[in-house]
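I have placed the structure first, in the form of C-alpha cells, so that the comments after it can refer back to it.
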C-alpha cells in the first residue's frame, strides 16, 4: 500500500507527467475472503459503500483497478467487471506474479499483468539444484492452476537435467481451508525421509501457518528453495523447530526505486490518518494507546519513525509486489498522459468542453474515455524512474530475471534476506546462474554444503545399475568387469580398455601394457636354457665317449653310424629349443617349426633305422634267409633320408602356403602383451606332428616286437622304452598345449622338446654308457664271446 501511495504522490509532483491533473485513489481490503472481493467490486461499480441493485455516483468512479496477487481474485472480480453493459471498458491491472491463465484475452480482455513472465523460474531453481550436485529433491506446491503449471515446468527441467523428484505435496493457500484440513496434510511420510532439499512454490503471499506446519512436519536441517511469494512473518511466531535459516528465495530482479526509503521514513499516522493499517502498525510497534473514543492513537513514542525499526521487524526495501504496484500506477498515468495529449491536439483551440478536466468528469464522455484508455494501455511502453522498460502487451513480455536471496535467521529472529546470486534466462548456456558460494549460510548445524541424493555417486571403477521400481537417481554401484574401467562418477557403462592397455586395480584408468615374451632373463627362461645347454653338453659327451670307444663290441654291435647320427640329431633337438626363447622375429618363428620338425624326424627315423637293423640282424642268422645282402648293403640307413625328405616336403608346403608369423597375445597375462609366434596354418602344424607321431608309432611297434631277441647287446627293448617315453610326452603335450596361453604355452612346447629328446638320450644311451664306463669287462671281446657261448 505504501508503494501505491508513493507512486501517486510522485506522479502528482511531476510537472511533466499529467500536468495540472492530480491522481486520486480509493482502496479496499479483501481480507483473503472471496466474499469481500465480490463486495469490493460491487462497491466500485456502485460508487458508494452501500451496494444497491443499480449504479450511482458515476462522477467519482475510478478509471483503473489494481487487483491482488492470486488467480482467485481475478476469477471472482472478472465476471463482475462485465456487468452493467460495459464489459470491455473497466481497466484492471494485477500486481501479482505472472499467470498464463490471466493472459487469455477472451476471458480477461480488460486485464493487464505488470509482472514479467516467470516461466524460467523452474529452470532457475533446477539450475541451483544442479550447481550443488543435488539430485533428490522434494516439491511442495499450492493447489491451483499456477501451482500445477509450476510442477509441470519443474518436472520437465528435472527430467532434462537428471534430477529426480523425490515427492510432491500439494497444499491449499487458503488459510481457512488449510486450518480446517490440517490433519490431511501429512508431510512426514516414507518418501520424505532422506530428502534434504525441498522446493516450495507459493502462488500468493505466504500464509505463515502453512510455513510453520511444513517445517514442523518435515523437520529441521533442510534446505528450502522458494519463490518471492514466500516470506517469514516479521512480527509473528518464531519457528522454533525449523527457522528456515539458509532458505533460497528467487525474487524478481529490479533496481531500487530512488526516494522510496526516504518516503518510508516520513510515513506516520498523522500524515495518513485514514489508513487503518499504518495506525495498527504504529500501535503494535511504538507503544501507543487508544483514545477513549477508540478512534485515535495517543501517547506514542515521540517522533517515531519506521526507520527506527530493525530490518527483521520492518523491511524498507521494495518487494516484488510493491515494485509491480509502483509500475502499474505509472502505466495508468502514462496511458492517461498520452491519451489526453492526443485528444487535446485534435481539438480546436478554445474548446473548453473536451479539455483535460472536462474529459474525465464529463459523464457523457466517460464510456468513450475508457474505451480509448484501453487502446493506450495495451500499447503503452515506457521506462520507469530507474530505467527499467515496462510494457503491458502479453506477447512481448520478457521472462523475469531473478535475484537469489539467502534467508539469514540466526540468531533466531534476525530474518535478513541477503543477495547471494542471480539467474538470467538471457545469458548463454552454462552462465545463466551466478552464485557467491562464500556468502551462503546453510541450515543451522551445517557448516558444509548439504547433500541430497537418493544414492551416493558411484566412484570411478564402478558403474550404475538401476534399482527396480525406483527413480533413475536411485541405483546400485557395481564394480566394472575385468579389463573395464569408468573414469568419471556415475557412469552407466564401463568402458573396455584397448588390447594394448589394461585396467588398474581400482578400475578407473587404463594403463599401457608392457611387452613381454619368454626371455632369457626370466626365471622360467633361465631354467629352460640351462636345461637345454646341459643336455646338449651331455649329448656331446656321450658322442665323444662313443667316438673314443668306437672299436669296442658295444659300439660296433649298435651300428656306430646310426648312433652318431642319432646323437648329433639329439644335440640339434636340444639346441632348437633355444629358438623358442627370446624375442620372436620372423626368422625365428619360421626356424622354430622347420628345425624342430626336421631334426626330430631325423632322430625318430634314426631310431626306426636302428630298430630295423636289429630285426634284420637276427633274420640274417636264420638258415635259408636272403636278408644278408639287404643288411650288408646298408639299406636300413636309407630310411633316414627318405623320412626326412617327406617331412621337408610337408614343411615346404607349410612355409609356402601359410607360414608362421609374429603375433601378440594381449589377454593371457594381466598387464602384458606377449609376443609369440603364431603357427600360421594349424592344419600344416598338426600334419607335421602327425607324421612325426606316425614314425614314432612305427618305431615303437617294430622295437616292441624285437624286444625279446637274444643278444648281449640287443637294444630293441631300450628303443621300445625310448619310443614309449617319446610318445607319452607328445600325447600329453597336445591337451596341455591347447589349455595354456602366452609364455606358458611356449614353455610347454620347449619342455616337450627337451623331455622327449632326453627320453631318447636316456633310454638308448645311458645303459651303453654304463657298460662302457662302469662295466668295461662286459665290453671286451672275450667277455662278449663267453657270454654268447654260455647262452648257447
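Subtracting the Cα-Cα distance of residue 418 and residue 22 from 0.36 nm times their residue separation leaves 138.8 nm of extension gain. Would you work out if the stretch 523-787 is rounded, prolate or oblate? Take a ≥ b ≥ c from the square roots of the eigenvalues of the alpha-carbon gyration tensor; rounded if a/c is under 1.5, else prolate when a/b is larger than b/c, oblate otherwise. Here the stretch 523-787 falls in the prolate category. The label point for residue 663 and the one for residue 262, both projected 7 Å from the Cα toward the Cβ, are 9.3 nm apart.
Between residue 724 and residue 509, what FRET efficiency follows from the Cβ-Cβ distance if R0 is 60 Å, with the result rounded to 0.05?
About 0.65, to the nearest 0.05.
Taken along the Cα-to-beta-carbon direction at a fixed 7 Å, the label points for residue 290 and residue 585 span 11.3 nm.
The share of C-alpha pairs in the stretch 417-568 whose separation exceeds 27 Å stands at 67 percent. Among 734, 689, sorting on how many other beta-carbon atoms sit within 10 Å of each Cβ, with the fewest leading, yields 734, 689. Ordering 463-469, 496-502 by mean Cβ neighbour count within 10 Å, with the highest value first, yields 496-502, 463-469. Over the stretch 462-512, all Cα pairs binned in 10 Å intervals from 0 give whole-percent P(r) values of 30, 44, 20, 6, 0, listed from short to long. Length gained on full extension, residue 670 to residue 534, computed as 0.36 nm times the residue gap minus the Cα-Cα distance: 45.7 nm.
Ranked by the mean number of other Cβ atoms within 10 Å of their residues, highest first, the peptides 13-20, 126-133, 604-611, 378-385 fall in the order 604-611, 126-133, 378-385, 13-20. In plain terms, the residue of 275, 505, 490 with the fewest other Cβ atoms within 10 Å comes first and the most crowded comes last, giving 505, 275, 490. In this simple spin-label approximation, residue 495 and residue 737 carry label points 7 Å from Cα along the Cα→Cβ vector, and these lie 4.1 nm apart.
Here the peptides 514-523, 419-428 are ranked by packing, the mean other Cβ count within 10 Å, and the order with the highest first is 419-428, 514-523. With a Förster radius of 51 Å applied to the beta-carbon distance between residue 308 and residue 476, the computed FRET efficiency rounds to 0.30.
Of 150, 572, the sequence from fewest to most neighbouring Cβ atoms within 10 angstrom is 572, 150.
Determine the relative contact order of the stretch 462-512: mean sequence separation of Cα pairs under 8 Å and six or more apart, normalised by residue count, in whole percent.
33 percent.
Extension gain, residue 431 to residue 301, is 41.7 nm, computed as 0.36 nm per intervening residue step minus the present C-alpha separation.
Read-outs throughout are calculated quantities, based only on the coordinates presented, and are distinct from any laboratory measurement. Keep in mind that this is a model prediction, so the values were computed, not measured. When we count neighbours, we look across all protein chains shown, and the Cβ atoms used for this are built from the backbone with ideal geometry, even at glycine.
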